[in-house]
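Only one structure is covered here, and it is reproduced in the block below.
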Amino acid sequence: MRLAQDGDSKEYELLLSKCREILNNHLSYKVRDKEDREDLIQDILIGIHKARATYRREKPFAPWFFSIARYKTIDYIRRKGTRDRMVSTEMEGFAQEVKTSIEDKWEVQQGLESWLNVLEPRQRRILTMAKLEGKSVREISETTGLSESNVKVIVHRSLEKLKRFFSESERTIEGSKTSKK
């Protein structure tokens, strides 16, 4: 990914090819329908492409990659409208099957932080306090000096910004499906 961010298109193509292979192997047990699996893999790869600027070079690639894959897979389950028992059970451990050490937890945290890099620093700080640290609106207000209503607005807008950023690939995929017909 580091070489791809530096503009090496061959390395980027190789990276996406390896990611596709990993996803196909991992998802073959979770998504039985081959066409659905291919659509999901494509959705994940587009998500990686759109979010590539959020990857921090000094951090491990795997947690960043698997966090995108996990959330795109959850979106797939929601879009399908069915909750295949095997898929939902397996998703609970997706990319976290062996995550037990402090270092592994740190890597997951770094994956979350790379997603939060989409936000401006103030949004990131307030959303982290609200959603990751579990602080109340009042506590955040007291800590930051902002009014409670302003804190609520910032949290709401931050979540909407993340939602828009990571759902753009869904619209892209939906558009490409209709253009194929």
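The values are calculated or read from the model by the stated rules, or taken from the named source; none is laboratory data. Everything numeric in this text was worked out from a predicted model, so none of it was measured. Note that each Cβ is placed from the backbone with ideal geometry, even for glycine, and that neighbours are counted across all protein chains shown.
Could you please let me know if residue 23 is under 16 Å from residue 77 (Cβ atoms), surrounded by 15 or more Cβ atoms within 10 Å (Cβ to Cβ) and not β-branched (Val, Ile, Thr)? Yes; evaluated as a whole, the condition is true for this residue. The numbered conditions (1) within 22 Å of residue 65 (Cβ to Cβ); (2) at pLDDT 85 or above are all true for residue 101 except (2). Looking only at the range 112-145, filter to residues that are in contact with a Ser or Thr (Cβ under 8 Å, 6 or more places away or on another chain) and aliphatic (A, V, I, L, M); which one of those is modelled with the highest pLDDT? Among those residues, the one meeting the criterion is 126. Pairs linking a residue in the range 73-86 that is surrounded by 15 or more Cβ atoms within 10 Å (Cβ to Cβ) to a residue that is modelled with pLDDT of 60 or more and not polar (S, T, N, Q), with Cβ atoms under 6 Å and 6 or more positions apart or on different chains, are 76/40.
Here is the figure for the range 5-16: residues that are polar (S, T, N, Q) and surrounded by 11 or more Cβ atoms within 10 Å (Cβ to Cβ) total 1.
A quick yes/no check of all residues on (1) more than 22 Å from residue 119 (Cα to Cα); (2) touching a Lys or Arg at 6+ places or on another chain (Cβ under 8 Å):
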| site | (1), (2) |
| --- | --- |
| 14 | yes, no |
| 27 | yes, yes |
| 40 | yes, yes |
| 45 | no, yes |
| 48 | no, no |
| 68 | no, no |
| 72 | no, no |
| 78 | yes, no |
